[in-house]
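Each remark here refers to the structure printed beneath this line.
Just so it is clear, none of the values below were taken in a lab; they were calculated from the coordinates. Owing to the predicted nature of the structure, the values given are computational and were not obtained by experimental measurement. We place every Cβ from the backbone using ideal geometry, glycine too, and count neighbours over all the protein chains shown.
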Amino acid sequence: MSAARTPAATRNAANPANDRFARPLVSLHWIIAIIPIAMLCTGFYMGSLPRGLPFKSTLVNFHKSLGITIFLLVLLHIWARLAYGRPPLPPMQTWQRAAASITQALLYVGMVGMPLSGYLGSSFNKFGTKFWVLPLPQWGWDDKGLRHTFFTIHEYLAWMMIALHFLGALKHQLIDRDGLLRRMWP
Ligand code: HEM
């Protein structure tokens, strides 16, 4: 994204590590970062609960509604990212630049793929999906195989997101010490 299209991204020519993402992107990032922590906790916790427990269905419905909410926020984030761009990366080697692009692409795959795979898995289930109080159209059918496939993708993507975020953040903070985390600090 060119600088001309990124008026809200703060630039610092003397020290690129001090460049910051645009405010709306920082706010959206932290909303989108905090909600998935709740999603991961409820997701793993509800898997550990016995079938038929009324509290489990309440939690599953909460998880689904919050997940769809995240999906809408992610779409807003993608729009904001395209509109505002991002500050340039600090100077780094070509392979690091390539690794950064691949990681970023995988994060977007996760941000879109997580809610989508959860929704698709839930659609091939006789219970259907409610978005808070609004029952969504039930277009899928009860199919154990498809459900299993989508929920396996859902689970793998969850681990991929955890690994990417935490390992990446730790690497920048502790090994590279390049201040990259400051760019996304609220
Ligand atoms: C960012 C969004 C989301 C995150 C981070 C997330 C995270 C998780 C995690 C960590 C699990 C446990 C995986 C396992 O151990 O098998 C899970 C399970 C589940 N998620 Fe999500 N989820 C998200 C969105 C959604 C959405 C949008 C839906 C449905 C509309 C959904 C429906 C489910 C269901 C039904 C399960 C239980 C799957 C099973 O029975 O094996 N999730 N989720």
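Tabulated data
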| quantity | calculated |
| --- | --- |
| Highest average packing first - 39-47, 58-66, Cβ atoms within 10 Å | 58-66, 39-47 |
| Compactness of the range 11-184, expressed as Rg and Dmax over alpha-carbon positions, Å | 18.5, 60 |
| Net dipole in debye of the chain [+1 Lys, Arg Cβ; -1 Asp, Glu Cβ; about Cα centre; nearest 20] | 260 debye |
